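The values are calculated or read from the model by the stated rules, or taken from the named source; none is laboratory data. Computed from a predicted structure; not experimentally measured. Note that we place each Cβ from the backbone using ideal geometry, even for glycine, and neighbour counts take in every protein chain shown. Keep in mind that these areas ignore ligands, DNA and RNA; they rest on the heavy atoms of the full protein, side chains included. Shrake-Rupley method; radii C 1.70, N 1.55, O 1.52, S 1.80 Å.
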Amino acid sequence: MTVYPITLTESKFMHKDLLKYPFEERGLQFGDGIYEVIRIYQGSYYLFEEHVDRLFRSADAIKLELPYTKQEMKDLLLELLTKNDMKTDGKLYIQATRGSAPRDHAFPVGVKSNIYAYLNDLPRNLDHLTNGVKTITQRDVRWENCFIKSLNLLPNVLAKQEAKENGCYEAILHREGKVTECSSSNVYLVKDGKVYTHPTKNNILHGCVRMAVERFTTDLNIPLIEEAFTLDDISSADEMFLTSSTSEVLSVVQVDKTTIGNGRPGNITKQLLAAYEKDANIKNPIQA
Ligand code: PDD
């Protein structure tokens, strides 16, 4: 995956090889920070406002003061695209930590947040989008504040690795049998023409693609029910899919040993992917 050379750090644009990360840094030592991943299509951000709003919500939730207003942040991120002459499909990664200070759990006083942002190329995964993906289920052992997009991702990393070692793409997480979300995406079950997904409580991330799916289901007259489905519901699901900025609207065709529907992406999932492709202005959509 190509990394574009110009990064943004402390309101400056600099070559990635010049970026120095200090030794005592709260993001590194405590995971004391937040992040966002924003999808880019043909050199333009998708769901830009939603992501920037969530970055500020996450910062507020951990009492982290960002050194920019929302408008300044947006201007800087847009400038990053031009500075890199970004024209392809890709993603932006941005993180903000509580800064560099001698290691001590309590917040340092008078220390500025460290921020950096950079761009990668990221082609759409047409194989996944056409054929769907396999998943496993795992207990959700994360904390109660998963609405914060925090740098503390160890449980997510371990769940994703378990999926990978089982030849799967994602791990579907559950608390006492109620499905919350996946290690790095939101998850949905379709039954009798209705879409079910966990309510946006504190214990899941309110995904930006999920917000878009809320719009698409309204436009398409598909009922979206914010009610957690259970592991037991999975065996009788008509369809399942997951969403994220990197996965888009992605069909789930297998959960553990259970095949979902006929093992191919279902009709509602395809309609929602088509709506996504239209909303994101994607050239050469696969669901025309
Ligand atoms: N992950 N839930 C979790 C736990 C996530 O990490 C993500 C995104 C989502 C979907 O959010 P959105 O639709 O805003 O991308 C849900 C990103 C892509 C990541 O960590 O790489």
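Details
- If the condition is being surrounded by fewer than 20 Cβ atoms within 10 Å (Cβ to Cβ) and over 15 Å from THR269 (Cβ atoms), then segment 239-254 contributes only THR246.
- Residues satisfying the stated conditions in segment 180-238, i.e. of a type in the set (Gly, Ala, Ser), within 14 Å of the chain's Cα centre (by Cα) and open to solvent by less than 50 Å² (accessible area, probe 1.4 Å): SER183, SER185, GLY207, ALA212
- Members of segment 130-159 found to be open to solvent by 10 Å² or more (accessible area, probe 1.4 Å) and part of a helix (DSSP H, G or I), listed by number: THR130, ASN131, LEU154, PRO155, ASN156, VAL157, LEU158
- Residue list for segment 246-272, filter: part of a loop (DSSP other than H, G, I, E, B), more than 23 Å from the chain's Cα centre (by Cα) and farther than 12 Å from LEU189 by Cα: LYS257, ASN262, GLY263, ARG264
- Selection within segment 125-150 - of a type in the set (D, E, K, R) and either in contact (Cβ under 8 Å) with a residue 40 or more places away in the chain or more than 27 Å from ASN267 (Cα to Cα) (or both): LYS134, ARG139, ASP140, ARG142, GLU144, LYS149
- Only one of the numbered conditions (1) modelled with pLDDT under 95; (2) assigned to a strand (DSSP E or B) is violated by THR243, and that is (1).
- Applying the criterion of being closer than 17 Å to ALA61 by Cα and among the hydroxyl-bearing types (Ser, Thr, Tyr) to the residues of segment 107-163, the residue that is modelled with the highest pLDDT is SER150.
- Candidates LYS83, LYS91, LYS20: the one that is free of Cβ contacts under 8 Å to residues at least 60 places away in the same chain and open to solvent by 10 Å² or more (accessible area, probe 1.4 Å) is LYS20.
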